[in-house]
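S.K.: The structure is given below, and queries will be raised subsequently.
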Amino acid sequence: MSSTPFHLAWFTPFKVPAWKMPWAGHEATEWLNGRYYLDMARALERAGFDYMMFEDSTLVSDTYGGTTENDLKHGLHAPKGDPVPLLPMLAMATEHMGFIATMSTSFYPPFILARTMATMDHLTMGRVGWNVVTSSEDLAAQNYGIDALPPHDERYDRADEFIDIVKGLWDSWEPDAVVADRATGRYVDHTKVHPLHHVGKFYKVRGPLNLPAGPQGHPVICQAGGSPRGREFASRHADTLLSSPKGIDGMKEYRDDVRARAAANGRNPDDIKVMYIVQPVIGETQAEAQELARRRNELTQDQTETILGIMSITTEVDFKQFDLDKPLPDDVTTNGHQSGLNAFKKRAAGKTVREAIMGQQTEAIQLVGTPASVADQMSEAIDAVGGDGFLIRGEPVRTHSRRYVDEIASGLAAELQRRGVVRREYPHKTFKENLKDF
Ligand SMILES: Cc1cc2nc3c(=O)[nH]c(=O)nc-3n(C[C@H](O)[C@H](O)[C@H](O)COP(=O)(O)O)c2cc1C
C-alpha cells in the first residue's frame, strides 16, 4: 500500500531562538532583524513545507509570582516582534511557500485587519494567511483599553461577526473593478465597488475597503480552536487547523469532528487541512535519538520555570503559588486557554504538579529516531488518521534553533520527499491553491 501524501508546516514565535545553546550563533542579540527567520524560510521551502505560521501575543506578563521577572528572564512572551511586517520580507526571499501571521479579533479593528491582509496578499503575490485568535490574556487586553476580555464563548461570537466583516470587505471590490482604461481615462469602475454598511451586535463598519483584494481573494485562514465553540468556529472559517490532540485516537477524533462540523456548515471537509503538532527528535542512530530525547525531557530549573511561566501566561493562573510536590487544587479555572488548562488538569489527575509537567506531552505523537524511522511513524499515523499533515515546532529552551531546523529540513523532510509523501514542487501560484492541491 502506498502512503498518503501529507503537508508539513512550521510553527514559531518571532522571538529569540534558543540563545543559551552552543549553536545560537549571534542570534541572542540579532534575531529581531529577522535574518534568522529568513534562513529558516529558505530551508523549509527547500524541504517542501507548505507554510510557516507565526504565533503572537502582545503582553509582558507578571502573572507568575506577581512579577515580570520570569517572563523577561527567560524571554517567554517578550521580547517578541510583530510577525506582520516580517511576512513580506520572507516572501521576497522565497518563491512558493506560504506565511501566516497571528492577529487577534479582540484587538484589531476589522477594517485595519482586512486592509493589512489584502495589502500583504498583493505584496507577496498570494502567499499569506491569517491565524485567527481571540486572545486569552487580560494583560494584553489592557494594552488596548479593555480591562478584561469577554467570556470565552462570547469572544468567538465576536470573532464570527469580525470575520464576516473582513470577508465582506475583501469582497467589496468586484474582481474586474479596476479597469485602467486609457481610452476613457477611467481607472476604477465605481459601480463595481460596494459599501458594506455592516451594523451588527458588536461592530459597525461602512466599507468598502479602499483597495481590491489580493490574488487569493480571501487569504488563507488558519485557526487553532480546541474547545467545542472553538472547533465550531474553525469548521466554519478555516482552511488549515493547528491542533494538539493526543495520540492517534485523539488526532482522528479531532479531525473527524471538525470535518463533520464543516460538512454540517455546508463546506467541503477536504478544504480544511488539519495539522498536528510534533517535535521530532532526530539522531543518526536510534540510540542517539533516544539519548537526545532523554536529555530534552530532563526537567531542569530553566525548563520548569519556562513551562510554568508559559502556563501562567496563557491561563492567567499563577502557577508559582502551587507546591510542585502536591496535586493541583481542584478549583483552578480560567477564562483564557480553556482547552489548555483542561488538558493539563486531566494529565495532572493523581499526580503532583512536578510529575504532571515532567510527563507533559505537548505533541500529538512522540517521534524519536532516525530520519527513516520517524518518516515511517509519520506515515503510519497519517494513514491511520486519514490526513492532513504535521506542524513542527522547536521548543524555546533547546530546539528553537538553526541546527534543529536543518535536522528537520535536510534530514527528516528530505527523507519524506524521497518517499514521495511530501512535496518537492509547488504546482500553483498561490499558497491557498497549493494547500488545497491534495
Ligand atoms: C498550535 C497553536 C497555536 C496557537 N497560537 C496562538 C497565538 O499565536 N496566539 C493566541 O492568542 N492563541 C494561540 N493559540 C490558542 C488558540 O487560538 C486557542 O485559543 C486555543 O487552542 C484554545 O482553544 P479554545 O479557544 O477553543 O479554547 C494557539 C493554539 C495552538 C494549539
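A short reminder: the numbers here are calculations on the coordinates, not readings from a lab. Because the structure is predicted, anything quoted here is derived from the model rather than measured. Note: ideal-geometry Cβ built from the backbone for every residue, glycine included; neighbour counts use all protein chains shown.
S.K.: Can you give me the P(r) profile for the range 1-82? Cα pairs, bins 10 angstrom wide beginning at 0, each as a whole percent.
M.R.: 16, 37, 30, 12, 5, 1
S.K.: Next question, about the same structure. Once you have the Cα-Cα distance between Lys201 and Leu324, take 0.36 nm times their residue separation minus that, and quote the gain in nm to one decimal. Could you put the intermediate results ahead of the total?
M.R.: Details: separation 123, 0.36 × 123 = 44.28 nm, distance 4.45 nm.
Here the segment from Lys201 to Leu324 would lengthen by 39.8 nm.
S.K.: Right, next: From Cα pairs below 8 angstrom and at least 6 apart in sequence, can you work out the relative contact order of the chain, rounded to a whole percent? All intermediate terms of the calculation are to be shown ahead of the outcome.
M.R.: Working: 809 pairs, mean separation 101.5, N = 438.
Averaging sequence separation for qualifying contacts and normalising by length gives 23 percent for the chain.
S.K.: What order do you get for 339-345, 99-105 when each peptide is scored by the mean count of other beta carbon atoms within 10 Å, highest first?
M.R.: Values: 339-345: 17.7, 99-105: 24.3.
Going from most to least packed, we get 99-105, 339-345.
S.K.: Placing +1 at every Lys and Arg Cβ and -1 at every Asp and Glu Cβ, with all other atoms neutral, what dipole size does the range 247-321 have around its Cα centre, in debye to the nearest 20? Mind dumping the intermediate values first?
M.R.: Numbers: 10 positive and 14 negative charges, 59 e Å.
Charge dipole of the range 247-321: 280 debye, to the nearest 20.
S.K.: Would you please name the trypsin sites (Lys or Arg not before Pro) within the range 6-73 that are DSSP coil residues with at most 15 other C-beta atoms within 10 Å of their C-beta? Don't jump to the answer; show the numbers that get you there.
M.R.: On the way: sites: Lys15, Lys20, Arg35, Arg42, Arg46, Lys73; in loops: Lys20.
Those that pass, being in a loop and sparsely packed, are Lys20.
S.K.: Going by average Cβ density within 10 Å per residue, which order do the peptides 212-223, 106-117, 256-267, 294-305 take, highest to lowest? Don't skip to the end; give the middle numbers.
M.R.: Values: 212-223: 23.0, 106-117: 19.1, 256-267: 15.5, 294-305: 13.6.
Ranking, from highest mean packing down: 212-223, 106-117, 256-267, 294-305.
S.K.: Same structure again: Give the lysines reachable from Lys201 as a straight Cα distance under 20 Å; neighbours fewer than 8 places away on the same chain don't count.
M.R.: Within the straight-line limit of under 20 Å, Lys201 reaches these lysines: Lys167.
S.K.: Compute, for the range 127-212, the length of the dipole vector about the Cα centre, with Cβ point charges of +1 (Lys, Arg) and -1 (Asp, Glu) only. Units Debye, rounded to 20. Provide the component values of the computation, followed by the final result.
M.R.: Working: 10 positive and 14 negative charges, 95 e Å.
In debye, rounded to 20, the range 127-212 gives about 460.
S.K.: Where does the chain land on Rg(C-alpha)/(2.2 N^0.38 Å)?
M.R.: On the way: Rg = 21.9 Å, N = 438, 2.2 N^0.38 = 22.2 Å.
Cα-based Rg divided by the globular estimate yields 0.99.
S.K.: Going by a ≥ b ≥ c, the root eigenvalues of the Cα gyration tensor, does the range 1-154 fall in the rounded group (a/c under 1.5), the prolate group (a/b larger than b/c) or the oblate group? Don't skip to the end; give the middle numbers.
M.R.: Numbers: a/c = 1.77, a/b = 1.25, b/c = 1.42.
Oblate.
S.K.: Which lysines, on any chain, are close to Lys326 with Cα under 29 Å apart, when same-chain ones fewer than 8 places away are left out?
M.R.: Lys73, Lys246, Lys345, Lys346, Lys351
S.K.: Can you list the residues of the range 180-210 with backbone N under 18 Å from a point 7 Å past the Cα of Glu154, pointing along Cα to Cβ?
M.R.: Under cut-off, by backbone N: 200-204.
S.K.: For the range 45-119, what are Rg and Dmax over the alpha carbons, in angstrom?
M.R.: 15.6, 46
S.K.: Under unit Cβ charges (Lys, Arg +1; Asp, Glu -1), what dipole magnitude, rounded to 20 debye, does the range 272-416 have relative to its Cα centre? The partial results should precede the final answer.
M.R.: Working: 15 positive and 22 negative charges, 53 e Å.
Using only the charged Cβ atoms, the result is roughly 260 debye.
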